1. Which residue fluctuates the most in chain A, going by a Gaussian network model with Cα springs under 10 Å, if the choices are A:Ala31, A:Ala150, A:Ala121?
2. Tell me the mean residue ellipticity at 222 nm calculated for chain B from its helices only (DSSP H runs of n ≥ 4, each -39500 (n - 2.57), averaged over every residue, nearest 500).
3. Report, by chain and number, residues whose modeled amide H sits under 5 Å from the one on A:Leu162, excluding near sequence neighbours (fewer than 5 apart, same chain).
4. Express the relative contact order of chain A as a whole percentage, based on alpha carbon pairs under 8 Å and six or more residues apart in sequence.
5. Report relative contact order for the stretch A:1-50 in percent, whole number only (criteria: Cα-Cα under 8 Å, sequence separation at least 6).
6. Keeping every protein chain present and rolling a 1.4 Å probe, give me the accessible area per residue for the stretch B:14-128 in Å².
7. Between B:Glu69 and A:Ala26, what is the spin-label point distance in nm, taking each point 7 Å from the Cα along the Cα→C-beta axis?
8. Could you state the number of Å between the C-alpha centres of the stretch B:197-213 and the stretch B:48-73?
There are 2 protein chains.
Amino acid sequence: VIIVGEQINTSRKRIARAVEARDRDAILEVARAQKDAGADFIDVNAGTFLGRETECLCWLVETIQAEVEGPLCLDSPNPDALGAAIERHRGEPLINSISLEEERWDALLPVVTGHPCQVVALCMSADSMPRTTEDKVQVATDLVERLTVAGVARERVLVDPLVQPVSVDPSLGPATLAAIERIRVELQVRTICGLSNVSFGLPERRLINRTFLTLALGRGLSAAILDPTDRGLMAALLAAEMVLDRDEFCERYLDAYGDGRLGG
Amino acid sequence: VIIVGEQINTSRKRIARAVEARDRDAILEVARAQKDAGADFIDVNAGTFLGRETECLCWLVETIQAEVEGPLCLDSPNPDALGAAIERHRGEPLINSISLEEERWDALLPVVTGHPCQVVALCMSADSMPRTTEDKVQVATDLVERLTVAGVARERVLVDPLVQPVSVDPSLGPATLAAIERIRVELQVRTICGLSNVSFGLPERRLINRTFLTLALGRGLSAAILDPTDRGLMAALLAAEMVLDRDEFCERYLDAYGDGRLGG
């Protein structure tokens, strides 16, 4: 599974302080820790810096890529910020995210088609958040069709079925899991999701997040936005991939065991 | 999900010693601990007492039912032991298990049809252990058909898809998970499985067992044979049932949190 490390997000106080102070070392430490823990992409999100998001996101891209190998996930609902950040990014980033919301679509499409990148297609329609499997698959179908018509190859798209809190409506859990499977099978496209929304408002959130990740992997999830330094979560991920026959000769599981990464 | 507590099994040294010594208190302590932890059935297995299995199993049934409410799961491949134990059992036990192995089928069928009980139908054919989804579903189909023809109502059957070690062949993981779903959907019958076989030969077995349980619940597993006193396993079970919308108002999850059963 493709791992997007979610820790560099200014909604976390430690990160906001580091960005405010332009503290390179603090940011690089979090980037390296996630890379070492297995992140394929390092997510960067400066969404809390209203009015300064663009400059902060660009600083994050330049700071991290100066020292840490590999692509970033440029994470914003703001097309201006994404457009500026993608110009500074070396290699092919993951853009998170485009959706059917009209303004966002119109502003972001040229960014996505104008640069080599992968793109998260978030299941939000022009005017609502889909809550049933059927609605999620329908929005995904529209997104994938419109993206391919616009020239974005299907292989570059990762559909996010929109994970919503089960505390709000428990039917959202099975609806999202079923959508992951149907989108993969019916649209022949990869899927991605964040985990933390699912447990919003409930106690022992890490337990819920790793359980949801396991269930989503069971439906064939291709990528996850998560904290790769959460050992319990990564242990669940490694065990799930092994049980699902996505870890040849149990090699990654046994390596992790050998390194002491499965215990505790 | 229906929970069958697996701890009273003479393959565990502590239990073998207690059965050998006819130590009622030791057995009752393990039975009560599992009941308190949420077991719907207490499994009893005296299979290691070759030549004395029948008397040991009967002693277990009488000892436990004298003090602990609720039905037992009578667990043996031996029709004589099961036949004797079911005579002593009060209420409706779960018989674990019948299969298509010829001798076992012939000897056990009268026991199952002659007493009010539920029965585990284990996916073993007359001459082999099925290893693919297709083969497991085929054996399950034969079992359910033959049982219903013999007068065992479908509602009393729990099909065990036969969980095999992923260390032996990693394709067994997805094969078994897919079989759970297909048996439930295509045969309209409940499913049950044990967990510990899946992790045979690998380290951190509890991690693998709870991951497999989560994935199996995601496929609609109806019942599990497990250690209900394993807190990590039960926490995973409660979280999975909540995410899968089988815990109205998140009530059991929040109760468990309130009782301190989710942490650690």
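The values are calculated or read from the model by the stated rules, or taken from the named source; none is laboratory data. Given the structure is predicted, the values throughout are model-derived calculations rather than measurements. Using ideal geometry, Cβ is built from the backbone for each residue, glycine included, and neighbour counts are taken over all protein chains shown. We work out accessible area using only protein heavy atoms, side chains counted, and drop any ligands, DNA or RNA first. Shrake-Rupley method; radii C 1.70, N 1.55, O 1.52, S 1.80 Å.
1. A:Ala150
2. Working: 10 runs with 127 residues, N = 264.
The helix contribution divided over chain B gives -15000 deg cm²/dmol.
3. A:Cys123
4. Numbers: 471 pairs, mean separation 39.4, N = 264.
Across chain A, relative contact order equals 15 percent.
5. Details: 60 pairs, mean separation 27.9, N = 50.
Relative CO of the stretch A:1-50 lands at 56 percent.
6. Numbers: 4970 Å² over 115 residues.
Accessible area per residue, the stretch B:14-128: 43 Å².
7. With each label placed 7 Å out from Cα toward Cβ, I get 5.7 nm.
8. Rounded to whole Å, the Cα centres lie 28 Å apart.
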